[in-house]
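Have a look at the structure below before the remarks.
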Amino acid sequence: MTNDISTSILFQRLKEAGSFEQYQQENRISPFSSPFHIYLSDLCAAKSMIPERVIKMALIDRTYGHQLFNGTRKPSRDKAIQLAFGLGLDIDGAQKLLERAQKSKLYPKIKRDAAILYCLYHKINLIEVQDMLSELGLTVLGGY
């Protein structure tokens with residue numbers, strides 16, 4: 001798959017391709033095998049957690065949370081991060097969850113993202129994460 005190929009090489013191949021279909025076929029570009037909500041449910045099952053518990057731990061409104069789990073809503077980047085905390089994921093798990101949600105990964109050069117990465121690494125609970133972000137003058141997860 002393309003994970004072993006550098007981005008610069010992929011850009012070059014994209015520029016040189018006669019069509020997108022050709023590029024996609026030659027580089028085995030394919031969509032994820034399952035939608036986000038299926039991936040989320042599978043993660044939940046793998047961790048022996050029920051969606052209700054994950055939603056509560058993620059500090060997400062119950063109705064909205066169930067819509068994320070049944071696929072009627074797609075998460076914002078912040079909601080995906082909250083779900084990562086609710087699931088107790090590590091940094092790699094959170095980055096993969098963001099990728100599956102088709103959201104940008106956490107980037108340590110951005111102060112807010114760095115704070116979130118720190119909290120993921122140190123397994124800090126979401127309430128403390130929100131407090132930390134607020135104390136740093138940064139936007140809390142799900143906030144404005």
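Could you state the angle between the C-alpha long axis of helix 111-121 and the longest principal axis of the C-alpha atoms of the chain, as a value from 0 to 90 degrees rounded to the nearest 10?
80 degrees
Once every DSSP H run of n ≥ 4 in the chain is given -39500 (n - 2.57) and the sum is divided by its residues, what mean residue ellipticity at 222 nm do you get, rounded to the nearest 500 deg cm²/dmol?
-17000 deg cm²/dmol
Which angle from 0 to 90°, rounded to the nearest 10, does the C-alpha axis of helix 36-46 make with the longest principal axis of the chain?
In the chain, helix 36-46 runs at an angle near 60 degrees to the longest axis.
Could you tell me which of the pairs Lys56/Lys109; Lys79/Lys109; Lys47/Lys109 are separated by over 27 angstrom between their Cα atoms in the structure shown?
Lys56/Lys109; Lys47/Lys109
Taking each pair of distinct Cα atoms in the chain once, what is the resulting Kirkwood hydrodynamic radius in Å?
Mean inverse Cα-Cα distance, inverted, gives 16.6 Å.
What number, in percent, do you get for the relative contact order of segment 36-135 if the mean sequence gap of Cα pairs under 8 Å and at least 6 apart is divided by its residue count?
24 percent
Using the Karplus curve 6.51 cos²θ - 1.76 cosθ + 1.60 with θ = phi - 60°, what ³J(HN,Hα) values do you get for each residue of segment 71-85, in whole Hz, with x for Gly and Pro?
So the Karplus estimates, Gly and Pro as x, are x, 7, 10, 10, x, 6, 4, 4, 5, 5, 5, 4, 4, 4, 5 Hz.
Between Val140 and Leu14, what is the spin-label point distance in nm, taking each point 7 Å from the Cα along the Cα→C-beta axis?
The answer from the label model is 3.8 nm.
Throughout, read-outs are computed from the coordinates displayed, never taken from laboratory work. Predicted model, so just to flag it, every value in this text is computed and none were measured. Here Cβ is always computed from backbone atoms with ideal geometry, including for glycine, and neighbour counts include all displayed protein chains.
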